[in-house]
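The values are calculated or read from the model by the stated rules, or taken from the named source; none is laboratory data. As the structure is a prediction and not an experimental result, all values here were calculated from the model. Cβ coordinates were reconstructed from backbone atoms using ideal geometry, including for glycine residues, and neighbour counts include every protein chain displayed.
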Amino acid sequence: MGKPVLSNNFLQILDSGNDTVNIQVKNNHSLTKISGTHDENFILLEKISNTKISLRGNLITIKGKKKDTNIITSVVNKLLKKSLEKNHIDDEDVKSLYSFTSKDSQNDTIDLEEKNSDSNYFIKTPKKTVYARTEKQKTYLEILKNNNIIYAIGPAGTGKTFLPVAVAVHKLISGEVNKIILSRPAVEAGENLGFLPGDLKEKIDPYLIPLYDSLSELLGHDKMNKKIEDGSIEIAPLAFMRGRTLKDSYVILDEAQNATETQIKMFLTRLGKNTTMVVNGDPTQIDLPNSKISGLMNSANVLSNIDEIKIVKFDALDVQRHPLVSKIIEAYKKNSLDV
């Protein structure tokens, strides 16, 4: 079978030929998780890498060009590491890790050492670990962790809201900030607020449900409610930001395409010490009345020359919902219709 030539906690590389790498996995349960049902994850890796992968017991054999086999070896190593944090390894995990690894590959050697840069594409929260699934999302996560004002512009399903909420939750739990503030413009999307039942909070809450959903997924329902009750998480309409200075906080303005430029300026000028502000929206989903102009794109253009303000633009390739969603977005885009 060959003798070990390289090893770490997850696997060892056995002596093999020029175009073949033999990997012996140390934990059979982890191997089962990363291979997937009927080895579907390895079949996917074969398709996207021009390699041939076979599995026998706990031995993985990879055949192909040296650079390709080295990349797959590194991906297997990373998948084994991820299997300790996730109960299920899916095709998106495989594709994202392959994409990152192949782009980062600069030489023909196999490197199993831990890289500090790996932490750039995931964030840990109490209920789950959230991973960047595209190269653009990886860049976005890096920016969200290290900058004070960030714009995220693009279609639904790209993670432009969920990723900053995950970073905000992580920073709150770790004590880096004292408060999370999530805000949306209370703009009617074909419905009329005045006809909804209840007081102001009850009228507005339906517009904020996506933010509650994200928090619940990352924190758990009970912990989310507890932090809302003690004031460490605040979910409020954009109008409630006026006149405040926001300190030691992670603040997200969602659906910013439904804010005017004056409102966005008001929001950004609430910035206080040790605070991050994220402005995100989809310019094809504007629900403002015809007499009002969305301020999202114009404000991003006005501020684009300020080095400290980062702007990330997503497209259909970054959509992580059902594959049909990307096709729908592209179809409407080609026909110049909003979706």
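This table checks each residue for (1) closer than 17 Å to I181 by Cα; (2) at pLDDT 95 or above; (3) in contact with a helix residue (DSSP H, G or I) (Cβ under 8 Å, 6 or more places away or on another chain); (4) of a type outside the set (S, T, Y).
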site: Q285; (1), (2), (3), (4): no, no, yes, yes
site: D307; (1), (2), (3), (4): no, no, no, yes
site: S326; (1), (2), (3), (4): no, no, yes, no
site: I329; (1), (2), (3), (4): no, no, yes, yes
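Can you work out which of the residues in the range 81-114 that are under 20 Å from T20 (Cβ atoms) and surrounded by 13 or more Cβ atoms within 10 Å (Cβ to Cβ) is modelled with the lowest pLDDT? If we take residues in the range 81-114 being under 20 Å from T20 (Cβ atoms) and surrounded by 13 or more Cβ atoms within 10 Å (Cβ to Cβ), then S105 is modelled with the lowest pLDDT. Please find, within the range 115-125, the residue that is modelled with the lowest pLDDT out of those that are more than 16 Å from F162 (Cβ to Cβ) and either among the acidic types (D, E) or part of a helix (DSSP H, G or I) (or both). Checked the range 115-125; the qualifying residue modelled with the lowest pLDDT is N116. Here Y207 meets the list (1) hydroxyl-bearing (S, T, Y); (2) buried (at least 19 other Cβ atoms within 10 Å of the Cβ); (3) modelled with pLDDT of 90 or more almost entirely, failing just condition (3).
Of the strands (runs of 3 or more DSSP E) that lie entirely inside the range 1-89, not one contains 3 or more residues that are at positive phi and in contact with a strand residue (DSSP E or B) (Cβ under 9 Å, 6 or more places away or on another chain). In the range 229-236, the condition of being in contact with a Phe, Trp or Tyr (Cβ under 6 Å, 6 or more places away or on another chain), modelled with pLDDT of 60 or more and closer than 27 Å to E176 by Cβ is met by no residue. When the criteria are applied in full, N22 fails the requirement of being over 23 Å from K95 (Cα atoms) and either assigned by TED's automatic domain parsing to the domain that holds K67 or over 25 Å from the mean Cα position of the chain (by Cα) (or both).
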